[in-house]
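Note sheet for the following structure.
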Amino acid sequence: MAKFEYAPAPESRAVVDLAPSYGLFINGEFTESQGGSAFKTVNPATEEVLSEVTDASAADVDRAVAAARRAYNGAWGRMSGADRGKYLFRIARILQERAREFAVLETLDNGKPIKESRDVDVPLAAAHFFYHAGWADKLEYAGLGTNPRAHGVVGQVIPWNFPLLMLAWKIAPALATGNTVVLKPAETTPLTALLFADVVQQADLPPGVVNIVTGAGATGQAIVDHPDIDKLAFTGSTGVGKMIARSIAGTRKKATLELGGKAANIIFEDAAIDQAVEGIVNGIFFNQGHVCCAGSRLLVQENIAEDVERRLKRRLQTLRVGDPLDKNTDVGAINSKAQLSRITELTDAGEAEGAARWDNGCELPAKGFWFRPTVFTGVSQTHRIAQEEIFGPVLSVLTFRTPQEAVAKANNTPYGLSAGVWTEKGSRILWMADQLRAGVVWANTFNKFDPTSPFGGYKESGYGREGGRHGLSAYVTTESNG
Ligand code: TAP
């Protein structure tokens, strides 16, 4: 299908000032590792090396936890909520002021389109700090229980799909409630967390309140295992989440786990089809499908399936895949070679198991990690592509005849993070929301996020909520909940 030709409109990367290498941010300053090594972080769209970062050792994690403990026992632990709130407001405003720098850096390190980092990741990260800043002096009135108090030192481990945003989801509520933090960003996307360390300095936060240690899985494990961590907050895969749950079992550590998903996006025959098609595209092709709550299973009522499929494929042919820094780009690069191999392996399995594969046939850049927007039809519930999280731009289409069948199929997964329902009938939306075992149910929309709204899963999608008052409650202990 013919597309409008657009002239390229690349965002300048001059706003980003990258150092050739980075140390660890411990006790308010960048320091050298003790016994750790270094690794390179690359731009997944070009494979260009962006910088070298530290692979923190267990001794480094120990120093970071000690700094966080000192800060908790010192100025931060004694500070009033109103004063903590001022720091959070300051961080939020600095994030807004430096929004372009953060957006370009996120796109360089992650591969996501600039229009997403600019319009979604960075504004939402700032919004999380603003929202939690407002709570810092009102915790007594948040309905959390009697006399809410911080846990102490919180260990936080985050994934690569929304690096700055996941950092904000973790750090903002922890600080608002008076905890101190040791955070590890994902191995492939450490750079915006290191730039955030610069913001922490600029905001003049007391030393040790926020510590950033970069590294791979072993560094994350050292945080999880550290005896002086009071609470853990993890976002990542269900596999690693289960390992964490096993390693803290029997300890006094509290934990929230935000894990994977395999959401159903359910389209009824009375839905506004063109809007639903936009919702399907947003549901699975936003952020290259690297979204825990992505609408990766499309459940469409059988009598409209052909029409929806035709319109969807037509729409997908207009998606622009390519340079993430180009403001016209809709779908950017896959975050890493390892993730590209996983997507390739699962889509090959989909074909081998008998589903019909289609992609939009777009041209892909010669260098970097890329995958065409792909749709599988004729998918059955037992296929791996209907059961396993692909975490890429791949949609599996299944059909249903009755609302009961839609619910049964939607719930037929070990996960339970999110779902979408598209119908004109309000009563059906409410009935479906009640039946679906998912932490978030969107109605006639998809992938909408707000700091006031709790987010989290059922079953193997984890436990605990982030955002809203529910998210705050995970960071405090009260006289009623111990
Ligand atoms: P993981 O491999 O689980 O990695 C998540 C984080 O844990 C990374 O920082 C990782 O370090 C670290 N890690 C790895 N092994 C560890 C260990 N043994 N102990 C402690 N930390 C360890 O997931 P991922 O590939 O980065 O992210 C994709 C997954 O996250 C998907 O399943 C997705 O659904 C899920 N996710 C869920 C949500 C929510 S809110 N539910 C949000 C985003 C993503 P390295 O980077 O070095 O491996």
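A compact table of results
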{"quantity": "Complete set of residues in region 352-366 that are surrounded by 12 or more Cβ atoms within 10 Å (Cβ to Cβ), farther than 10 Å from PHE376 by Cα and not hydrophobic (A, V, I, L, M, F, W, C)", "calculated": "GLU353, ASN360, PRO365"}
{"quantity": "Only listed residue being on the phi < 0 side of the Ramachandran plot and in contact (Cβ under 8 Å) with a residue 12 or more places away in the chain, chosen from ARG78, ARG70", "calculated": "ARG70"}
{"quantity": "Breaking point among (1) in contact with a Leu (Cβ under 6 Å, 6 or more places away or on another chain); (2) assigned to a helix (DSSP H, G or I); (3) within 16 Å of the ligand (Cβ to nearest atom), for LEU164", "calculated": "(1)"}
{"quantity": "Given (1) in a helix (DSSP H, G or I); (2) more than 16 Å from the ligand (Cβ to nearest atom); (3) acidic (Asp, Glu), number of the condition GLU479 does not satisfy", "calculated": "(1)"}
{"quantity": "Enumeration of residues in region 1-39 that are in a loop (DSSP other than H, G, I, E, B) and closer than 30 Å to ASP359 by Cα", "calculated": "MET1, ALA2, LYS3, PHE4, GLU5, TYR6, ALA7, PRO8, ALA9, GLU11"}
{"quantity": "One residue from ARG437, ARG465, ARG469 being under 20 Å from GLY283 (Cα atoms), among the basic types (Lys, Arg) and either touching a residue at least 12 places away in the same chain (Cβ under 8 Å) or away from the ligand (no atom under 16 Å from the Cβ) (or both)", "calculated": "ARG437"}
{"quantity": "Selection within region 271-314 - in a loop (DSSP other than H, G, I, E, B) and over 27 Å from the mean Cα position of the chain (by Cα)", "calculated": "ALA271, ALA272"}
{"quantity": "Test result for TRP370, open to solvent by less than 30 Å² (accessible area, probe 1.4 Å) and touching a strand residue (DSSP E or B) at 6+ places or on another chain (Cβ under 8 Å)", "calculated": "yes"}
{"quantity": "Unique match (being surrounded by fewer than 17 Cβ atoms within 10 Å (Cβ to Cβ), assigned to a helix (DSSP H, G or I) and within 16 Å of the ligand (Cβ to nearest atom)) among ALA338, ALA349", "calculated": "ALA338"}
{"quantity": "Residue within region 184-191 that is more than 10 Å from the ligand (Cβ to nearest atom) and out of contact with any Leu (no Cβ under 9 Å at 6 or more places or on another chain) present", "calculated": "no"}
{"quantity": "Residue that is farthest from the chain's Cα centre (by Cα), among those in region 252-270 that are more than 11 Å from the ligand (Cβ to nearest atom) and buried (at least 23 other Cβ atoms within 10 Å of the Cβ)", "calculated": "ILE267"}
{"quantity": "Filter result for ASN287 (more than 16 Å from the ligand (Cβ to nearest atom), touching a residue at least 40 places away in the same chain (Cβ under 8 Å) and either in contact with a Gly (Cβ under 9 Å, 6 or more places away or on another chain) or not aliphatic (A, V, I, L, M) (or both))", "calculated": "no"}
{"quantity": "Residues of region 208-222 that turn out to be of a type outside the set (Ser, Thr, Tyr) and more than 16 Å from ASN27 (Cβ to Cβ), as a count", "calculated": "7"}
{"quantity": "Residue ID - nearest to the ligand (Cβ to nearest atom), chosen from residues in region 200-251 that are part of a helix (DSSP H, G or I), under 21 Å from MET79 (Cβ atoms) and open to solvent by 50 Å² or more (accessible area, probe 1.4 Å)", "calculated": "GLN201"}
{"quantity": "Positions within region 157-199 being open to solvent by 10 Å² or more (accessible area, probe 1.4 Å), more than 20 Å from GLY236 (Cα to Cα) and of a type outside the set (A, V, I, L, M), in sequence order", "calculated": "ASP198"}
{"quantity": "Entirely in region 40-156, the helices (runs of 4 or more DSSP H) that have 2 or more residues that are open to solvent by 50 Å² or more (accessible area, probe 1.4 Å), within 17 Å of VAL199 (Cβ to Cβ) and of a type in the set (D, E, K, R)", "calculated": "81-97"}
{"quantity": "Tabulated pairs, region 1-13, first over 13 Å from THR329 (Cα atoms) and of a type in the set (Lys, Arg), second in a loop (DSSP other than H, G, I, E, B) and modelled with pLDDT of 90 or more, C-beta under 9 angstrom, 6+ apart or interchain", "calculated": "LYS3/GLN317; LYS3/THR318; LYS3/ARG320; ARG13/LEU325"}
{"quantity": "Region 403-434, subset open to solvent by 30 Å² or more (accessible area, probe 1.4 Å) and among the aromatic types (Phe, Trp, Tyr), residue farthest from the chain's Cα centre (by Cα)", "calculated": "TRP431"}
{"quantity": "Criterion (among the hydroxyl-bearing types (Ser, Thr, Tyr), more than 16 Å from the chain's Cα centre (by Cα) and farther than 16 Å from VAL200 by Cβ) met by exactly one of SER117, SER80", "calculated": "SER80"}
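The values are calculated or read from the model by the stated rules, or taken from the named source; none is laboratory data. Because the structure is predicted, anything quoted here is derived from the model rather than measured. Note that we place each Cβ from the backbone using ideal geometry, even for glycine, and neighbour counts take in every protein chain shown. Surface areas here come from the heavy atoms of the whole protein model, side chains and all, with no ligands, DNA or RNA. Shrake-Rupley method; radii C 1.70, N 1.55, O 1.52, S 1.80 Å.
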